[in-house]
């Protein structure tokens, strides 16, 4: 049996989207959000140790720094309603994120990037103020051809 | 994917390190690595980014990036970017082999 290889498709997807959608704008992929644990002021760890511990923080797929708002982006190839909860959590963690303090006066727009459609997700996203954007990455055929039959479409359950 | 020409210039990341580069061009290929845990070799995907001479101390003026996570992010960012150089900043988070990377597009005209 051949060796299985892991491919971070969604990392590539979000990179393609931000790059193709925004010109000369600052954007960042794989951004840590939330407070560094333990707190810096308890004196237990120095600055370097705290940075190392920060790897346990959560990651949002991308942030786009527009002049009038921040876009908080999660990407998923096959639509998954669980991503909506993730976006809500990440938004709540923004005020605790030291590195993002200069931008926190800006309003936040949550964006869910997906490829294979799910009608339930689109409805739920709208209700929660999440902008759901369908995006077909350049590697779609390569990825899709590796899926088994039932994974090639989202559940067609409507609400 | 073609095997990249030698010499290899594999960038060794340290936890917490940040590097800023101007990517003039890039190419995707493979190179052969020797496995630590068992005898043998393996071909891995590599992204080679070409940078200006002033951003690297010696020739060749490119870096080979081998992390699957980093290659995926950069392929996405670089593949659809417009023609011309692109300033990026990369930060390594965590120790190998589980290093995560954050890639920032650095605009030419800061807001």
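Quick test of your reading of the structure: residue A:110 fulfils all but one of (1) surrounded by 15 or more Cβ atoms within 10 Å (Cβ to Cβ); (2) at pLDDT 95 or above; (3) in a loop (DSSP other than H, G, I, E, B). Name the failing condition by number.
With (1) surrounded by 15 or more Cβ atoms within 10 Å (Cβ to Cβ); (2) at pLDDT 95 or above; (3) in a loop (DSSP other than H, G, I, E, B) applied to residue A:110, the lone miss is (3).
Please determine, by comparing only the residues of region A:8-58 that are assigned to a loop (DSSP other than H, G, I, E, B), at pLDDT 75 or above and surrounded by fewer than 16 Cβ atoms within 10 Å (Cβ to Cβ), which one is farthest from the other protein chains (Cβ to nearest Cβ).
Looking at the filtered set, the residue picked out is A:35.
Look at residue B:49 and say whether it is under 10 Å from the mean Cα position of the chain (by Cα), more than 30 Å from residue A:46 (Cα to Cα) and either touching a residue at least 40 places away in the same chain (Cβ under 8 Å) or not in a loop (DSSP other than H, G, I, E, B) (or both).
Yes.
Given B:98, B:38, B:75, which one is buried (at least 18 other Cβ atoms within 10 Å of the Cβ), within 13 Å of chain A (Cβ to nearest Cβ) and either in contact with a helix residue (DSSP H, G or I) (Cβ under 6 Å, 6 or more places away or on another chain) or not in a strand (DSSP E or B) (or both)?
Being buried (at least 18 other Cβ atoms within 10 Å of the Cβ), within 13 Å of chain A (Cβ to nearest Cβ) and either in contact with a helix residue (DSSP H, G or I) (Cβ under 6 Å, 6 or more places away or on another chain) or not in a strand (DSSP E or B) (or both) holds for just one of B:98, B:38, B:75, which is B:75.
Return only the number of the condition from (1) surrounded by fewer than 17 Cβ atoms within 10 Å (Cβ to Cβ); (2) out of contact with any strand residue (DSSP E or B) (no Cβ under 7 Å at 6 or more places or on another chain); (3) closer than 30 Å to residue A:63 by Cβ; (4) within 13 Å of chain A (Cβ to nearest Cβ) that residue B:44 does not satisfy.
(2)
Can you name the residue in region B:59-72 that is in a loop (DSSP other than H, G, I, E, B) and in contact with a strand residue (DSSP E or B) (Cβ under 8 Å, 6 or more places away or on another chain) and, of all such residues, is surrounded by the most Cβ atoms within 10 Å (Cβ to Cβ)?
Within region B:59-72, the match that is surrounded by the most Cβ atoms within 10 Å (Cβ to Cβ) is B:67.
Does any residue of region B:10-28 turn out to be more than 30 Å from residue A:57 (Cβ to Cβ), within 14 Å of another protein chain (Cβ to nearest Cβ), surrounded by fewer than 17 Cβ atoms within 10 Å (Cβ to Cβ) and at pLDDT 90 or above?
Among the residues of region B:10-28, at least one is more than 30 Å from residue A:57 (Cβ to Cβ), within 14 Å of another protein chain (Cβ to nearest Cβ), surrounded by fewer than 17 Cβ atoms within 10 Å (Cβ to Cβ) and at pLDDT 90 or above, which makes the answer yes.
Filter region B:78-93 for residues that are at the interface with chain A (Cβ under 7 Å from one of its Cβ atoms) and within 17 Å of residue A:28 (Cβ to Cβ); which is modelled with the lowest pLDDT?
B:81
What residue, among those in region A:68-88 that are out of contact with any strand residue (DSSP E or B) (no Cβ under 7 Å at 6 or more places or on another chain) and more than 19 Å from residue A:9 (Cα to Cα), is surrounded by the fewest Cβ atoms within 10 Å (Cβ to Cβ)?
Out of the qualifying residues, it is A:68.
The values are calculated or read from the model by the stated rules, or taken from the named source; none is laboratory data. Because the structure is predicted, anything quoted here is derived from the model rather than measured. Reconstructed Cβ throughout: ideal geometry from the backbone, glycine too, with neighbour counts over all protein chains shown.
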